[in-house]
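Below is one structure, written out as structure tokens; comments come after it.
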Amino acid sequence: MKKHFFLFFIIIFSSHSFLDTEVEEFVNSQHNEIFNFLNDNQELLDLNKEKFLNEFEIRFSRLIPPEEISKRVMSRKYFELASEAQRKKFNEKFKSTLLESYSGALGNIDASNISIKSHKYLNEQMTKAVVYLDTEFSGRSFKLIYKMLKIRTGDSLNWRVVGIVLDGIDIVSIYRKQFASLVKDNNDNLDLAIDSWSIEDDSLNLEN
């Protein structure tokens, strides 16, 4: 009897793990919203770039929240050393450069060229996951990984991307090293490092 119950438990748990598609459905829905906006608003980009980026931020942040990425770019060390004002200042600086870079990069990719291959959960609570995707750009194929985390937004927990790996290159890690280098170059002065921040032009270059 105990053996049968144990086997039943394994089957139910395994089926739930492999059949659950919540995280994939979330990513697909957010991709559709982002790419539909980009496709429908190219004229707005030319006429009013500030309005375009503000509208883009609303949609982009539902998938990839800049404030969560900026904390990881600062690293725990510098995030804890920074004052609340410095954290806010860096988040705003990082957000503006991130949105501008991604809106340009994503604007050259069609939604139909991004497909989810699989996903897996990283804890029993199913609040951490990785999603594996394939994407094509200019005739080239790229492997893309989203590191996902359920984050409290309002009264509920919602999936958000907190890490991105493109063809084996951890984008957040690159940005983190860049920020650490700026801090070092500015003799550990966080304000000067934040003022010097910019996303490297080739960090999202898919053509090379």
Tensor-based shape of the stretch 24-84 (alpha-carbon gyration tensor, a/c under 1.5 rounded, otherwise prolate or oblate): oblate
Total charge of the residues flanking Asn91 in space, meaning their Cβ is under 12 Å from its Cβ, with Lys and Arg +1 and Asp and Glu -1, is +3
Accessible area, 1.4 Å probe, largest first: how do Lys49, Lys150 sort? Lys49, Lys150
Inter-label distance, nm, simple model (7 Å from Cα along the C-beta direction), Met126/Ser196: 4.7 nm
Can you give the extra length, in nm with one decimal, that the chain gains between Asp134 and Lys49 once fully stretched, where that is 0.36 nm per residue apart less the Cα-Cα distance? 27.6 nm
List the pairs from Lys88/Lys184; Lys77/Lys177; Lys95/Lys117 whose alpha-carbon separation is above 24 Å, in the order I gave them. Lys95/Lys117
Proximal charge balance of Phe79 [Cβ under 13 Å; K/R count +1, D/E count -1]: +4
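The values are calculated or read from the model by the stated rules, or taken from the named source; none is laboratory data. From a predicted model like this one, the values you see are computed outputs, not experimental measurements. Neighbour counts run over all protein chains shown; Cβ positions are idealised from the backbone, glycine included. Heads up: the accessible areas ignore ligands, DNA and RNA and are worked out on the full protein's heavy atoms, side chains in. Shrake-Rupley method; radii C 1.70, N 1.55, O 1.52, S 1.80 Å.
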